[in-house]
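Participant: The following block contains the structure, expressed as structure tokens.
The values are calculated or read from the model by the stated rules, or taken from the named source; none is laboratory data. This is a predicted model, so every value here is computed, not measured. All Cβ positions, even for glycine, are placed from backbone atoms using ideal geometry, and neighbour counts span all protein chains on display.
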Ligand SMILES: [Zn+2]
């Protein structure tokens, strides 16, 4: 592993994101700060961190820098290859494409886009990072391991800092459902605590077939059950995508490739139901585009990025669907914050 502190106190670490490392604070053991702190406070990274990786579709090498941000910044992207470009939020109303991956863009200049954000968003959701600036030198994030493990590794290397501002969590107040073709749907329901998810899928390829996976989101379960579960693709689909110049960075190192009843990766699957677990990982990432963590139950059947984004847009189209979990007795504070997110 290469970890290179550079300029004094506020250093940027460069890492080989493929190698695991445990860093205090986000490895399941509370750090000194967190033992004395609260789950109700916002967080950011303790230090900036840098890595390089291959973009899935263009196949080019991109630089990724994750940097700390102040309270109430949220998750924001910036294109470092476009001089002077403004940052923009990784929020549901800035998602402009969901066909191959979740793509966020600036509303002032849609050419400032960042694709394949969902695996990093899932890592940020699971690691409870509220505020971060994500700077990338191209229109796609690096695909790294095709899952969230490598992003969690980066976050753990950077460390997590607790801020002194209360965290606002979105509570879903009533069932909200969107439907797609062939019986596909995605739904959010009220829940007593945290975010629970249940995913079911059905694919004609016998290697996938019908699968279901359900989980309550917490960092440890995320790491043990889904973070390492790779994206997957049919052999015919990846051949087609590569014929039209896409998926150039896709390989057996960062995707499970399925051909009928066969899995073409020599080592096979990493775990049973890896496909459903990856879909659940995607949903964890896409739902973090709500702009805040969520208290809800999510149910997805044959769902994907498109339905996940439609679901968030439907939730926030009616203020009766949601509220902030009250952290303070003052209703006026909650109302002010509601306006900020809905804007
Ligand atoms: Zn994915």
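Participant: Could you list all residues from segment 174-188 that are assigned to a loop (DSSP other than H, G, I, E, B) and surrounded by fewer than 16 Cβ atoms within 10 Å (Cβ to Cβ)?
Facilitator: Of everything in segment 174-188, those that are assigned to a loop (DSSP other than H, G, I, E, B) and surrounded by fewer than 16 Cβ atoms within 10 Å (Cβ to Cβ) turn out to be 174, 175, 180.
Participant: So is residue 191 farther than 22 Å from residue 75 by Cα, assigned to a loop (DSSP other than H, G, I, E, B) and outside the structural domain of residue 53 (by TED's automatic domain parsing) or not?
Facilitator: Yes, satisfied.
Participant: From the list 122, 115, 90, exactly one residue is surrounded by 22 or more Cβ atoms within 10 Å (Cβ to Cβ) and out of contact with any strand residue (DSSP E or B) (no Cβ under 9 Å at 6 or more places or on another chain). Which is it?
Facilitator: The unique qualifying residue is 122.
Participant: When the residues of segment 238-256 are filtered to those that are more than 22 Å from the chain's Cα centre (by Cα) and within 16 Å of the ligand (Cβ to nearest atom), which remaining residue is surrounded by the fewest Cβ atoms within 10 Å (Cβ to Cβ)?
Facilitator: Applying the filter and picking the extreme gives 241.
Participant: Only one of 155, 199 is touching a residue at least 60 places away in the same chain (Cβ under 8 Å), assigned by TED's automatic domain parsing to the domain that holds residue 65 and crowded, with 22+ Cβ neighbours inside 10 Å. Can you tell me which?
Facilitator: The unique qualifying residue is 155.
Participant: Just wondering, is there one or more residues in segment 287-309 that are without any contact (Cβ under 8 Å) to a residue 12 or more places away in the chain and surrounded by fewer than 24 Cβ atoms within 10 Å (Cβ to Cβ)?
Facilitator: No, there is no match, as no residue in segment 287-309 is without any contact (Cβ under 8 Å) to a residue 12 or more places away in the chain and surrounded by fewer than 24 Cβ atoms within 10 Å (Cβ to Cβ).
Participant: Out of curiosity, is residue 161 away from the ligand (no atom under 15 Å from the Cβ), in a strand (DSSP E or B) and more than 27 Å from residue 256 (Cβ to Cβ)?
Facilitator: So residue 161 passes the test.
Participant: Quick check, is residue 247 at pLDDT 95 or above and in contact with a helix residue (DSSP H, G or I) (Cβ under 9 Å, 6 or more places away or on another chain)?
Facilitator: no
Participant: Can you tell me which residue in segment 195-215 is modelled with the lowest pLDDT, limited to those that are under 18 Å from residue 305 (Cβ atoms) and in a loop (DSSP other than H, G, I, E, B)?
Facilitator: 203
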